[in-house]
1. Go through the stretch 295-347 residue by residue and tally those that are buried (at least 20 other Cβ atoms within 10 Å of the Cβ), at pLDDT below 95 and aliphatic (A, V, I, L, M).
2. Is it true that VAL201 is part of a helix (DSSP H, G or I) and among the aliphatic types (A, V, I, L, M)?
3. Taking the condition hydrophobic (A, V, I, L, M, F, W, C), over 16 Å from GLY124 (Cα atoms) and touching a Ser or Thr at 6+ places or on another chain (Cβ under 8 Å), does ALA17 pass?
4. Just to verify a result, which residue in the stretch 232-263, among those that are out of contact with any Leu (no Cβ under 8 Å at 6 or more places or on another chain) and among the aliphatic types (A, V, I, L, M), is surrounded by the fewest Cβ atoms within 10 Å (Cβ to Cβ)?
5. Spot the failing condition for PRO225; the list is (1) part of a loop (DSSP other than H, G, I, E, B); (2) over 20 Å from the mean Cα position of the chain (by Cα); (3) not β-branched (Val, Ile, Thr), and only one is missed.
6. Are any residues in the stretch 292-311 touching a residue at least 40 places away in the same chain (Cβ under 8 Å) and aliphatic (A, V, I, L, M), and if so, which ones?
7. Before we move on, is ILE348 β-branched (Val, Ile, Thr), under 18 Å from HIS254 (Cα atoms) and out of contact with any Pro (no Cβ under 6 Å at 6 or more places or on another chain)?
8. Which pairs turn up if I take residues in the stretch 342-359 that are closer than 17 Å to VAL329 by Cβ and in contact (Cβ under 8 Å) with a residue 12 or more places away in the chain and look for partners that are assigned to a helix (DSSP H, G or I) and not β-branched (Val, Ile, Thr) with beta carbon separation below 6 Å, at least 6 apart in sequence or on another chain?
Amino acid sequence: MDALLVLEDGYSERGVAFGFPGEFFGEIVFNTCITGYQEILTDPSYQDQVIVFTYPQIGNYGVNVEDVESSRIYPSAIVVREISDYPSNWRSKSSLSDYLRYHGKIAISEIDTRALTRHIREKGAMRCGISTRDLSVPNLLAKVRSIPAMEGADLVPKVTTQRVYELSGRTNEQRMIVVYDFGVKGNILRSLHQSGCFVRVVPADTPAERVVAMKPDGIVLSNGPGDPAALLPIVRQVQKMIGHFPILGICLGHQILGHALGGKTYKLKFGHRGGNQPVLYLPSKRVEITSHNHGFAVDPDSLGAGIEPTYINLNDQTLEGFRCPEKMVEAVQFHPEAAPGPHDCAHIFDDFMRTIEENSTQRREGVKLENV
C-alpha cells in the first residue's frame, strides 16, 4: 500500500505501508539501536509516539515470544528505510509485518531515514501522522496539527496496570519491593526478582497510605510515557513516602522524584533514545554505556541542598542520575535493566539492595506519614 508521512512543520515523504492500514498519529522520535526492535516496540514509554529507526534494515531476525517488555505494542507507528520480509533466526515465530498487523499498528518503509533523522535533530521532536487513507499532504497536515502535543500530556493512565499483581510467591527471607507501574518494562521486574526480591506491582494512582500498609522494604518508581510535569497527584503521593523507605526511580521515576524533591523538568529538543548513550558516573569517574528512552530531563540547578548528582550524559551534559542519602533516594534517567554494556549498570540494583539492608532496622516498623 502507498502511504504518506507528514510532520507538523510540513515535512513530508511518501513510502510503502506494511502492518495494519489506516491513519496513525503521535510525536515523531528516532532510536539509534541496531537490534532490539521488539523490545522497543513493547516498551510502554513509547505510548503515542512514532519511532524512526536509524538502522537501515529492520525485521531481519523476525519476532518471538521471549523478547518482549509487555504484552502489546505501544508506539503509534514506526518508520524504516527497509523492512525484511524474510526473517532468519532460529527463535523467530513470525515476521515483523505480521506482528504489527496482529497488534493493529502501521509502519512505513522506503523512507529516507537519514534525512528524516537529521530533520528531527535540527527542528526537534514534533507531531506527525502516517496515513494509507488520505494521501493529500494539506489534509493530513491539518489533522496532525490538531492532535495534542507531548508537553503537558499525562499518558500514564493509558499504560498502568489496573490491579495489584505479584511476580511469584514470597519466602520469609525475601525483601518485598513495591513497584509503581507508570508503564513498567518487564525486565525491571525480572531484574528485581533476580536480585532475590519479592515484587509487588501497584497501579500508578495507588495512595501512599495503601503502600505503607503493605510494609515494603523498598519502593521502585518505574519508567513511563508523557510529561512528568503533568503528574502532580503522583508526585504528592511520592512525597509522603520519601525518607520512610528506600526509593529507586528509573526514567520517568527519576523525573517524578526530581519533582517530589522540589526540582523541575524540561523537554529535550529530540530526546535520548538508543542503546549507546555514554554517561559519566561521577563518584568514580567511570564511563558507562547505557540504554535510554526519554524526551524530558531534570534540571540539576532546580534541585536543592543534600541532593548529589551521580550521572551526567557525555553527549549533551544533561543530568542522568542523582541521590539523596539522607532520604534513602536514588534515581537514574537511563535503564539499568536494559544492559547494553552489557553489565555496566548492574550495580544500581545492587546499590539499592545495599541501601535496603543498611536501613533494615527502621525499614518496616512504625512508619507514619508526614503531612505534605
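The values are calculated or read from the model by the stated rules, or taken from the named source; none is laboratory data. The shown structure was predicted, so the numbers you read here are calculated from the model rather than taken from an experiment. Here the Cβ positions follow ideal geometry from the backbone for every residue, glycine too, while neighbour counts run over all protein chains shown. Accessible surface areas use protein heavy atoms only, side chains included; no ligands, DNA or RNA. Shrake-Rupley method; radii C 1.70, N 1.55, O 1.52, S 1.80 Å.
1. So the count comes out to 1.
2. When the stated conditions are applied, VAL201 does not pass them.
3. The answer is yes for ALA17.
4. If we take residues in the stretch 232-263 being out of contact with any Leu (no Cβ under 8 Å at 6 or more places or on another chain) and among the aliphatic types (A, V, I, L, M), then LEU232 is surrounded by the fewest Cβ atoms within 10 Å (Cβ to Cβ).
5. Result: PRO225 fails condition (2) only.
6. Result: ALA297, VAL298, LEU303, ILE307.
7. No; evaluated as a whole, the condition is false for this residue.
8. Cβ pairs passing all conditions: PHE349/SER191.
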